[in-house]
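Structure record follows, encoded as structure tokens.
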Amino acid sequence: MFVQNIIMYLGVAIVAVVALQALFQLFSGFIRLRRESVRQSLSMRLLEERIEAVRARRAKAEKEVAVWNGWRKFEVVKKAPEPGDICSFYLRPHDGKPLPGFKPGQYLTFQVPVAGKDKPVVRCYSLSDGPREDYYRVSIKRVPPPRDKKDAPPGLVSSHFHANVNEGDILDVRAPGGHFFLDMEATGPIVLIGGGIGITPVLSMLNALVSAGTLKRDVYFFLGVRNSKEHPFKAHLEELARVHDKLHLHVCYSNVSDADEEGRDFQHGERISVELFKKVLPSNNFDYYLCGPPPLMESVVPALEAWGVPEANIHYEAFGPATVKKVKKVEEPTKTQGAAAPAGIEVTFAKSGKTCTWTEAIGTLLELAEKNSVAMDFGCRAGNCGTCITAIKEGDVNYSTQPGAPPGARGYEHASQALPAGWSRSAGDR
């Protein structure tokens, strides 16, 4: 009996061991299957993410290149006033087709029929919002007469936009362009600087950065205006600064009014300057993007260079007749014949027959023409709109800065940026 019990217990033990081994094998198999399932799930997710990233890059590339040639009809769907005699115009394609993207900081070129002009006038205005699928926005300041010439007429096209362009109107628009734009792939800290209406391209950059919902890089935003009466997009900027910890807003009022309160309306009762940057910024190790009138550009850009900021880190868009010429050194000749320009080059304007002596102090071909009462068309004075393109029948030119748009045909150059180089030539004034 005892032996039988021993045999029975051994049998039970063997069965138990076999069962445990089977269970262990089943459990191990389940773990392996689970791990394989997780691995396959992760691999599939990674593959889907890669496919989605490729699709996103492709869509982005297609959107960026999906521009149009020539003029395209756009409808004004909204007209909104801003402080400082600024008005924002929201534009949608009249044909209802998709709206191409653009690089934050670029501008649109408009062809506008103005009363009293025998042909449309061309002007460029910076986009003031980040890329969106439903509209473009430009914000245009009504340009008053010069302070030293109160009897002079106000800005021709800006006044036309304010007074005559309304919701529902159709405008002729050229595709976004310009070399002044933000590198959206970069991750380093940046300083955005806008003086007056110069806020528009840097605001476009800021809006593009925050469009994903989270600001991932430190941004110091400087805005210079006279006071709260000329403070555009005030509520919008303050809301962005409240939501995004990495946005550091610095508003400078140069002529504080009794109604303005420091800390509420502005942070600095002074003009934008590099001396202010030295007090506010932790270092000079930033990329600087700035746009504004001549006094701002002519003071800040050289001061940044003197502070040790590399020229490659200073990016700017200038407006006004003198700004482009004065804030940056003349670039190397862009043509093979372009040697250093000697003093006293004779320039003949073919249509008028006038021969004038150019010196470096005079500036561009356009400025030479103006000083000698030679009629020459121009618009933005920065080589963006293409209005000043003129034929160079003989000789060669350099550029004070690279124009925002290419001249398009060989033998034609932007007179507003062209500097005579080499020898006597004829310019096709019109």
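The values are calculated or read from the model by the stated rules, or taken from the named source; none is laboratory data. Just so it is clear, the model here is predicted, and its values are computed rather than measured. Glycine gets a Cβ as well: all are built from the backbone with ideal geometry, and neighbour counts include every protein chain shown.
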Got at least one residue in region 63-74 being of a type in the set (Lys, Arg) and over 29 Å from TYR289 (Cα atoms)? yes
Considering only residues that are part of a loop (DSSP other than H, G, I, E, B), surrounded by fewer than 17 Cβ atoms within 10 Å (Cβ to Cβ) and in contact (Cβ under 8 Å) with a residue 24 or more places away in the chain, which ones fall in region 66-106? ALA66, VAL67, TRP68, ASN69, GLY70, TRP71, PRO83, HIS94, PRO98
Looking only at region 205-217, decide whether some residue is part of a loop (DSSP other than H, G, I, E, B), among the charged types (D, E, K, R) and in the same structural domain as ASN313 (by TED's automatic domain parsing). yes
Could you say whether any residue in region 140-160 is surrounded by 21 or more Cβ atoms within 10 Å (Cβ to Cβ) and closer than 25 Å to LEU276 by Cβ? yes
Considering each of VAL121, VAL173 in turn, give the residue that is outside the structural domain of LEU209 (by TED's automatic domain parsing), out of contact with any Leu (no Cβ under 6 Å at 6 or more places or on another chain), surrounded by 12 or more Cβ atoms within 10 Å (Cβ to Cβ) and not small (Gly, Ala, Ser). VAL121
